[in-house]
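The block underneath contains the structure these notes are about, expressed in structure tokens.
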Amino acid sequence: MIRAVVAVGPRTENVTPSTTPVPAPGPAGDELNALLARVATHGDKEAFGRLYAHFAPRVKGYLLRIGAQSEQAEDLAQETMLKVWRKAQLFDPSKASAATWIYTIARNIRIDALRRRAKDDLPAEEPMLTPEEEPQADAVMERRQRDARIRAAFGALPPNQYDVVRLHFIEDEPHSAIAERLDLPLGTVKSRLRLAFGRIRKELGELDV
Amino acid sequence: MSDRSAHRHPRSETLALYAAGGLDEARAVVVATHLTICDECRLEVRDWEALGGIALETVEPAPMSDNALTDFWARAEGAEPATLPASLRAANDFPLEAAQPLRRYLKNGLDGVPWKTVAPGLAQHILQAEGYRPGVLRLLKIAPGVKIPVHGHKDNEVTLILRGAYHDHLGVFQEGDFADLDEDDQHAPVAIGDEDCICLIATSAPLAFKSVVGKIVQPFIGL
């Protein structure tokens with residue numbers, strides 16, 4: 001389902017196919033959003049169990065990839081899912097999909113863990129956990145459509161840009177990590193990211209042609 | 001979008017790095033403070049976070065241990081229910097210095113800053129935001145008419161104008177404006193107007209002064 005949306009983007013024929021993994025099959029985005037909504041409104045444990053089955057291993061995979069040790073990755077993944085459970089009522093579908101919301105929570109929990117190690121400190125404030133008002137239905141729809149366009153624009157990137165963008169969001173020290181992993185000069189990584197981000201912004205109608 | 005191309009906002013690369021959690025704490029504070037007053041940039045960050053959510057779906061899942069869900073419910077048992085925090089978003093008439101991300105580092109506000117004079121018309125204060133990645137967060141106060149010597153940046157430097165205004169080759173930067181400078185960018189900002197220009201600046205590496213004067217001044221101002 002997710003892959004099908006990605007494949008909508010036009011890929012040129014003279015480029016080598018990207019070898020990067022495609023989103024694994026599982027509940028589709030809308031279904032995940034609906035599960036999270038059920039957790040938010042009814043504290044639905046069954047719905048949460050399904051969210052957990054989908055996201056906990058992905059969050060753990062993300063944390064491992066971004067530098068956590070195995071035990072810590074599992075612990076921080078638990079912490080992430082605990083926050084999802086406890087803060088589900090604060091989920092605002094006009095701002096983010098379930099996947100996006102959980103990504104930002106995992107990201108912040110990891111940063112807080114690093115920060116705690118660096119020095120004792122207060123947890124960071126989390127804008128994603130602070131709804132401004134009751135989300136409007138059309139704003140929710142707008143967000144979903146925008147996410148679909150982002151997904152399509154991402155899927156339509158040339159493979160060499162697709163790879164750097166994908167890694168950008170799941171690597172520690174993204175620029176240098178990507179350079180190392182893909183064996184590219186740092187300047188090339190930066191220019192590919194710049195091009196890719198510009199292209200996505202253009203697809204969203206945020207940049208003049 | 002003409003406003004965006006006028007260099008008064010963070011670049012897309014900077015906002016995307018912020019969304020990926022890849023900025024050092026110093027630069028993240030400057031970006032987050034700008035976001036409290038800029039709807040457009042906040043929306044863009046949401047777009048990059050959406051891309052992060054999509055990237056999360058491409059991560060190879062790492063199986064949780066067998067009893068993970070049981071452990072989870074045991075931990076969740078004692079968890080208190082969610083409470084709604086007050087909105088972090090600053091209203092438009094809210095002074096920029098009181099914006100939440102900055103207030104954490106600036107408990108007594110801009111008027112309570114223990115400025116240290118580093119040169120005539122130039123004072124600074126280092127904020128404790130070393131965080132988990134190297135980076136320096138500082139406040140710089142430039143008296144009207146005072147010019148900072150021409151300098152480049154070894155890495156990215158981000159600046160948010162908290163009060164007053166300065167002028168450089170890119171134009172006028174005033175309260176709320178954001179300057180996002182890369183290693184290729186050189187500038188020599190001069191404070192303009194009647195009041196001191198106060199900037200919040202984050203660097204991940206020391207500034208690179210070009211002139212002899214700049215190089216002489218640098219050790220004193222510690223930039």
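The values are calculated or read from the model by the stated rules, or taken from the named source; none is laboratory data. Please read these numbers as outputs of a predicted model, since none were measured by experiment. Ideal geometry is used to build each Cβ from the backbone, glycine not excepted, and the neighbour counts take in all protein chains shown.
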Residue pairs within 8 Å by beta carbon, gap of at least six or interchain, first lying in region A:95-112 and more than 7 Å from chain B (Cβ to nearest Cβ) and in contact (Cβ under 8 Å) with a residue 24 or more places away in the chain, second among the acidic types (Asp, Glu) and in a helix (DSSP H, G or I), listed first then second, are A:109/A:79
For region A:152-174, pairs from a residue that is farther than 28 Å from residue B:134 by Cα to a residue that is of a type in the set (D, E, K, R) and modelled with pLDDT under 95, with Cβ under 7 Å and 6 or more apart or across chains, are A:153/A:203; A:156/A:11
Exercise. Yes or no: residue A:206 without any contact (Cβ under 8 Å) to a residue 12 or more places away in the chain and charged (D, E, K, R)?
Worked result: yes
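Is it true that residue A:31 is part of a helix (DSSP H, G or I) and within 11 Å of chain B (Cβ to nearest Cβ)? Reasoning before the result, please.
Numbers: part of a helix (DSSP H, G or I): yes; within 11 Å of chain B (Cβ to nearest Cβ): no.
Criteria not met by residue A:31.
Can you name every one of the strands (runs of 3 or more DSSP E) wholly within region B:75-194 that holds 1 or more residues which are at pLDDT 90 or above?
Values: elements: B:116-119, B:122-127, B:136-142, B:151-153, B:157-163, B:165-168, B:171-174, B:178-181, B:190-192.
It comes to B:116-119, B:122-127, B:136-142, B:157-163, B:165-168, B:171-174, B:178-181, B:190-192.
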Going through region A:39-52 in order, the residues found to be more than 8 Å from chain B (Cβ to nearest Cβ) and among the small types (Gly, Ala, Ser) are A:40, A:43, A:47
Some residue of region B:196-218 being over 25 Å from residue B:131 (Cα atoms), at pLDDT 95 or above, of a type outside the set (A, V, I, L, M, F, W, C) and not in a strand (DSSP E or B):
yes
Among the residues in region B:41-53, are any of a type in the set (Lys, Arg), within 7 Å of chain A (Cβ to nearest Cβ) and either assigned to a helix (DSSP H, G or I) or surrounded by fewer than 24 Cβ atoms within 10 Å (Cβ to Cβ) (or both)? yes
Practice task
Determine, yes or no, whether residue A:177 is at pLDDT below 95, part of a helix (DSSP H, G or I) and touching a helix residue (DSSP H, G or I) at 6+ places or on another chain (Cβ under 8 Å).
Solution key: yes
Scanning region A:142-180 residue by residue, those closer than 13 Å to residue B:51 by Cβ and among the charged types (D, E, K, R) turn out to be A:146, A:147, A:149, A:151, A:166
When residue A:155 is run through (1) surrounded by fewer than 17 Cβ atoms within 10 Å (Cβ to Cβ); (2) within 19 Å of the chain's Cα centre (by Cα), the failure sits at (1)
With the first residue restricted to region B:99-120 and required to be over 18 Å from residue B:131 (Cβ atoms), and the second required to be charged (D, E, K, R), Cβ contacts under 7 Å at 6 or more apart or on different chains are B:109/B:97; B:110/B:97; B:110/B:163; B:115/B:141
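What's the total number of residues in region A:176-209 that are facing chain B (nearest Cβ under 8 Å) and either touching a Gly at 6+ places or on another chain (Cβ under 7 Å) or closer than 27 Å to residue A:61 by Cα (or both)? Break it down stepwise before answering.
At the first step, the residues of region A:176-209 found to be facing chain B (nearest Cβ under 8 Å) are A:190, A:193-194, A:197-198, A:200-201, A:204, A:206-208.
Those still in the list that are either touching a Gly at 6+ places or on another chain (Cβ under 7 Å) or closer than 27 Å to residue A:61 by Cα (or both) too: A:190, A:193-194, A:197, A:200, A:207.
Looking only at that region, the number is 6.
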Checked against (1) farther than 14 Å from residue A:36 by Cα; (2) of a type outside the set (Asp, Glu); (3) facing chain B (nearest Cβ under 7 Å); (4) touching a residue at least 24 places away in the same chain (Cβ under 8 Å), residue A:87 satisfies every condition except (1)
